[in-house]
Amino acid sequence: MEKSNYLNSLIKKETSRIELLKAIELKDNIFDKIMDSKLNDIEIIYFSSNPYLTEKNINRLFDLKIENANINLLKNSNCSVNKLYNFLSLNDKIYNIAIAHNENHNYELFKKLFRLNDFDVDITLSFNNSTPSDILKKLYLKDKYEINFGLSCNRKTPKEILKVLFEDIQYSSNISNIINTDDF
């Protein structure tokens, strides 16, 4: 079966369509072909979680102004830092949490997220493997179970914090899963 016919047949099948939208590698004109297939809002939301979206694709999907799709797009590491700042300026808690998930932004944006002093954003930052270590240290000082749980799962948490958390049974198995605890 020719490649484009195969793609068309997959796009038409409802169950495989969602899985395809979430995972298809977007080369050449595949993005345009999918967009031309008249996706409904739910399908666009699934499509917006595709890790192969380029910055150009992401911007085109943002233009559709579908809130749940925007949330997925803000988490995508190919989302431009300018878009992240634009959405951060909206002061929307859900968008802020989505931005805190993104592993590809600059130090200043991490600082702005931390300065929000929002518990849910802090939890998300504690899990994010790209959060700078000085911010991870400040998160640890908040001494909150949910934040410490995130830190105990984060392979980038400074070793001195992991050593302290490892002593607590609530966190030790998480730490054992991410690093060699023989070094303690």
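Summary table below
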| item | result |
| --- | --- |
| Check: the chain dipole with +1 on Lys, Arg Cβ and -1 on Asp, Glu Cβ, in debye | 320 debye |
| Proximal lysines relative to residue 163, as straight alpha-carbon distance under 22 Å, when same-chain residues fewer than 8 apart are discounted | 137, 138, 142, 144 |
| Proximal aspartates and glutamates to residue 156, defined as alpha-carbon separation beneath 14 angstrom and excluding residues fewer than eight positions away on the same chain | 103, 134 |
| Label-point gap, in nm, between residue 56 and residue 38 - each point 7 angstrom along Cα→Cβ | 2.6 nm |
| Residue exposure sequence - 142, 38 - by fewest surrounding Cβ within 10 Å | 38, 142 |
| Centre separation in Å (Cα based) which lies between the range 47-87 and the range 101-140 | 20 Å |
| Under 15 Å from residue 33, Cα to Cα: aspartates and glutamates that are on another chain or at least 8 residues apart | 2, 25, 43 |
| Gain upon complete extension [residue 29, residue 129; 0.36 nm per residue less C-alpha separation] | 32.7 nm |
| Rg ratio (alpha-carbon, reference 2.2 N^0.38 Å) - the range 90-184 | 1.05 |
| Gained length - residue 86 relative to residue 173, 0.36 nm times residue gap less alpha-carbon distance | 27.5 nm |
| Dipole-positive endmost among 95, 26, 76 within the chain (Cβ charges, Cα centre) | 26 |
| P(r) weight above 27 Å for the chain, C-alpha pairs, percent | 41 percent |
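FYI, it's all coordinate maths here, none of it is from the lab. Quick caveat: nothing in here was measured; it's all calculated off a predicted structure. Positions of Cβ are backbone-derived with ideal geometry, glycine not excepted, and every protein chain shown enters the neighbour counts.
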